[in-house]
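Since the structure comes first, as structure tokens, the remarks are kept for the end.
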Amino acid sequence: MTSIEPLAALEARVKTRPLPRHVAIIMDGNGRWAEQRGLPRIAGHREGSEAVRAVTRAARRVGIEALTLYAFSAENWARPYAEVKALMQLLADYLESERGEMMENGVRLNAIGELERLPRNVAERLAQARAETAANRDLVLTLALSYGGRQEIVHAARAAAAAKGAALEAEDLEAALWTHGLPPLDLLVRTSGERRISNFLLWQCAYAELHFSDVLWPDFRDAELFAAVADFQGRQRRFGLTGAQLADGGPGK
Ligand code: IPE
Ligand code: IPE
Ligand code: MG
């Protein structure tokens, strides 16, 4: 018989072990969630905002420093116009309605991606929410909007090459990434049973642990986040070394 651990016990358990400092989530499955219910796809996106709220709160509560959410990819612009338009309106509504909640929870809002492509009402509300939450310190919530990992690397390579030319090193490129200043990515989660990266945080994924959940994003809540963290806590991160080296205290041992 399998027993289901109560949520409070799972939360207490993940808090006793080293937490991932930076968790990123590919929030996938909104469309399928809606289609399963005979609803328009946008109903799934709307319900997805509830998951964002719940997961942000839960991440802050257990002490995760940085949460990065893939909300809209550079490739998602090619979806039907009506869906893109509805998603942008939802985003604008979210940015307006969540400011109070972010202030109450000490959440600093951040954004990465080709932000200049966002419609003006979204860009304005984003700038407003970022300015208002700038001094908050409990959790940095980064929304990836019109984001693509390849685009980020190209952008960073151009900036780093302009400064350093052929002498540029990996650290120069890293410092020019949109994610500069965030802790290294520890855990990448994808929902909805898909097992691909879809152009998300390609550089940052180099040594992240990957967790795939079959749950569709609108159904993702605290329990699913904590299950992903518990999975992470059961991994041995070797960064190219052997298990014995790690037990002995590091490289060269
Ligand atoms: C993720 O859900 C949200 C966005 C990509 C904006 P989808 O809309 O991709 O949902 P599925 O994958 O079609 O179910
Ligand atoms: C990735 O999901 C983008 C976001 C979650 C915002 P997609 O649904 O766009 O990815 P693919 O098309 O299944 O790879
Ligand atoms: Mg999808």
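Sort out which residues of the range 29-49 are in contact (Cβ under 8 Å) with a residue 60 or more places away in the chain and away from ligand 2 (no atom under 16 Å from the Cβ), and write them in order of number. None - no residue of the range 29-49 is in contact (Cβ under 8 Å) with a residue 60 or more places away in the chain and away from ligand 2 (no atom under 16 Å from the Cβ), so the list stays empty. Suppose the filter is of a type in the set (D, E, K, R), surrounded by 20 or more Cβ atoms within 10 Å (Cβ to Cβ) and either farther than 21 Å from residue 193 by Cβ or in contact with a strand residue (DSSP E or B) (Cβ under 7 Å, 6 or more places away or on another chain) (or both); does residue 93 pass it? No; evaluated as a whole, the condition is false for this residue. Which of (1) within 19 Å of residue 113 (Cβ to Cβ); (2) within 13 Å of ligand 1 (Cβ to nearest atom) is the odd one out, the single condition residue 56 does not satisfy? Of (1) within 19 Å of residue 113 (Cβ to Cβ); (2) within 13 Å of ligand 1 (Cβ to nearest atom), only one is false for residue 56: (2). Check whether at least one residue in the range 104-112 is modelled with pLDDT of 95 or more, within 16 Å of ligand 2 (Cβ to nearest atom) and under 22 Å from residue 28 (Cβ atoms), and report yes or no. Yes - at least one qualifying residue is present in the range 104-112. Looking at the range 26-43 only, could you name the residues that are open to solvent by 10 Å² or more (accessible area, probe 1.4 Å), near ligand 1 (Cβ under 9 Å from one of its atoms) and part of a loop (DSSP other than H, G, I, E, B)? Residues satisfying the conditions are 27, 28. From the list 158, 150, the one residue that fits, being charged (D, E, K, R) and within 16 Å of ligand 2 (Cβ to nearest atom), is 150.
Which residue out of 46, 13, 17 is modelled with pLDDT of 95 or more, assigned to a loop (DSSP other than H, G, I, E, B) and open to solvent by 80 Å² or more (accessible area, probe 1.4 Å)? Please lay out each step first, then the result.
Values: 46 fails: assigned to a loop (DSSP other than H, G, I, E, B); 13 fails: assigned to a loop (DSSP other than H, G, I, E, B).
So the residue among 46, 13, 17 that is modelled with pLDDT of 95 or more, assigned to a loop (DSSP other than H, G, I, E, B) and open to solvent by 80 Å² or more (accessible area, probe 1.4 Å) is 17.
Tell me, please, whether a residue that is within 15 Å of ligand 2 (Cβ to nearest atom) and either modelled with pLDDT of 95 or more or open to solvent by 70 Å² or more (accessible area, probe 1.4 Å) (or both) can be found in the range 220-243. Scanning the range 220-243, I find at least one residue that is within 15 Å of ligand 2 (Cβ to nearest atom) and either modelled with pLDDT of 95 or more or open to solvent by 70 Å² or more (accessible area, probe 1.4 Å) (or both), so the answer is yes.
Within the set 71, 82, 111, 86, the sole residue that is surrounded by 16 or more Cβ atoms within 10 Å (Cβ to Cβ), in a helix (DSSP H, G or I) and among the small types (Gly, Ala, Ser) turns out to be 86.
The values are calculated or read from the model by the stated rules, or taken from the named source; none is laboratory data. Every value quoted in this text rests on a predicted model; they were computed, and no experiment measured them. Heads up, the Cβs are rebuilt from the backbone with ideal geometry, glycines too, and the neighbour counts pull from every protein chain shown. Accessible surface is based on the protein model in full, side chains and every heavy atom, while ligands, DNA and RNA are left aside. Shrake-Rupley method; radii C 1.70, N 1.55, O 1.52, S 1.80 Å.
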